[in-house]
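Undergrad: Before we start, here is the structure in question, set down as structure tokens.
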Amino acid sequence: MTGTDTRDLAALGPRLPSPLQEVADERFGRRGVRLLLKRDDLVHPELVGNKWRKLAPNLAMADGRTVVTFGGAYSNHLRATAAAGRLLGLSTVGVVRGQELAGRPLNASLARCAADGMRLHFVDRATYRRKTEPETLAALLSAVDAEDAVVVPEGGSNTEAVRGCRALGEELGEHADVVALACGTGGTLAGLAAGLPPGRRSLGIPVLKGGFLADDIRRLQIRAFGGLRGAWSVDDRFHYGGYARTTPELDSFAEDFEHRHGLPVERVYVAKMLHALLTLTEESAFPRGTTLTAVITGRPFP
């Protein structure tokens, strides 16, 4: 495969629309809340969930060029981009935060990226913070010999990705009063909110601390649509210490949810979102009669 277009992507066989599954959970039921799961984790076995929705529009523009993107040592986005490169015959480069990692054995996540053919380029954290500055970006692209590359931002959240995620809201349509998902960079929520019909709203649960995500989502929507779209909000209380951090309470909840419903619960994003929804339900944040849909954006990686 020498180029990439929408036919190449369709040939990968994404399962769209993703299934909508109702779960019987008395903790929600006794509060009069109906819980549905939007199984975006089943969209594609390797380009899971919102990774498909965000990457597909960017990959369609590659036309055989190298794809350069960014992430930390445990980035699901890097893994998905590497897998997409292998599946589509595209060269990929991952710029990884942390020069100190360059001389160490690769962790399981980065080893999977390398096995899928991704070239890894480690940079110091100060340079990484400046990666969107034109001069720094140009130097990075030169260093990996990919000056004409398609550049996909950290987490995949750019204008194309936000527009691609609008389909998630359109798929849900009238099936939910409130749609919730975990957020890293905010691109999925920005698109989801734009795709929901009037009278429905979306709720983002940031997995990073800092309280910055609402401003980022506004900027993403303005760039993608020319203004704010849809009814949405974020609740910053459920990061549990920051990205990839957890607590015994969260681990216990995730294990219990898996046991109750037979659903493997991804810990970095999905567990935080599901636990937040239970907490909010017990706080009576959702009126009785609410249909609440949780977007399952990923599954545990081996």
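The values are calculated or read from the model by the stated rules, or taken from the named source; none is laboratory data. Here the structure is a predicted model, which is why all the values come from computation and not from measurement. Cβ: placed from backbone, ideal geometry, glycine included. Neighbour counts: every protein chain shown. Calculation scope for accessible area: heavy atoms of the full protein, side chains included, ligands and nucleic acids excluded. Shrake-Rupley method; radii C 1.70, N 1.55, O 1.52, S 1.80 Å.
Undergrad: Among (1) surrounded by 15 or more Cβ atoms within 10 Å (Cβ to Cβ); (2) outside any helix (DSSP H, G or I), which single condition is Gly13 missing?
TA: (1)
Undergrad: Moving on to the next point. Can you confirm whether the stretch 25-40 contains a residue that is modelled with pLDDT of 95 or more and in contact with a Phe, Trp or Tyr (Cβ under 7 Å, 6 or more places away or on another chain)?
TA: yes
Undergrad: Restricting to the stretch 207-228, what's the tally of residues that are open to solvent by 40 Å² or more (accessible area, probe 1.4 Å), modelled with pLDDT of 95 or more and either in contact with a helix residue (DSSP H, G or I) (Cβ under 6 Å, 6 or more places away or on another chain) or among the small types (Gly, Ala, Ser) (or both)?
TA: Residues meeting the conditions: 3.
Undergrad: Let me ask something else about it. Can you tell me which of Ala244, Ala231 is surrounded by 14 or more Cβ atoms within 10 Å (Cβ to Cβ), of a type in the set (Gly, Ala, Ser) and farther than 13 Å from Gly204 by Cβ?
TA: Ala244
Undergrad: Suppose we filter Gly94, Gly98, Gly117, Gly103 for residues that are in contact with a helix residue (DSSP H, G or I) (Cβ under 6 Å, 6 or more places away or on another chain) and loosely packed, with under 15 Cβ neighbours inside 10 Å; which single one remains?
TA: Exactly one residue qualifies, and that residue is Gly117.
Undergrad: Where residues in the stretch 62-79 are over 16 Å from Asn107 (Cα atoms) and small (Gly, Ala, Ser), which of them is least open to solvent (accessible area, probe 1.4 Å)?
TA: The residue in question is Ala62.
Undergrad: Please pick out the residue among Thr92, Thr66, Thr4 that is modelled with pLDDT under 95 and β-branched (Val, Ile, Thr).
TA: Only one candidate qualifies: Thr4.
Undergrad: Could you grab me the full set of residues in the stretch 269-292 that are in a loop (DSSP other than H, G, I, E, B), of a type outside the set (D, E, K, R) and over 22 Å from the mean Cα position of the chain (by Cα)?
TA: Hits for the stretch 269-292 are Ser284, Ala285, Phe286, Pro287, Gly289, Thr290.
Undergrad: Please go through the stretch 26-53 and give me each residue that is open to solvent by 40 Å² or more (accessible area, probe 1.4 Å) and either of a type in the set (Lys, Arg) or assigned to a helix (DSSP H, G or I) (or both), ordered by number.
TA: Glu26, Gly29, Arg30, Arg31, Arg34, Leu42
Undergrad: For the stretch 66-96, give me each residue that is within 14 Å of Gly184 (Cβ to Cβ), assigned to a strand (DSSP E or B) and not hydroxyl-bearing (Ser, Thr, Tyr).
TA: Correct list: Phe70, Gly71.
Undergrad: When both residues are 6+ apart or on different chains and their Cβ atoms are under 9 Å apart, which pairs have a first residue that lies in the stretch 240-253 and is under 16 Å from Leu208 (Cβ atoms), and a second that is of a type in the set (Asp, Glu)?
TA: Pairs found: Tyr240/Glu249.
Undergrad: Where in the stretch 105-224 are the strands (runs of 3 or more DSSP E), entirely inside, with at least 1 residues that are among the aromatic types (Phe, Trp, Tyr)?
TA: Answer list for the stretch 105-224: 119-123.
Undergrad: For the stretch 144-157, state whether one or more residues are hydroxyl-bearing (Ser, Thr, Tyr) and open to solvent by 30 Å² or more (accessible area, probe 1.4 Å).
TA: no
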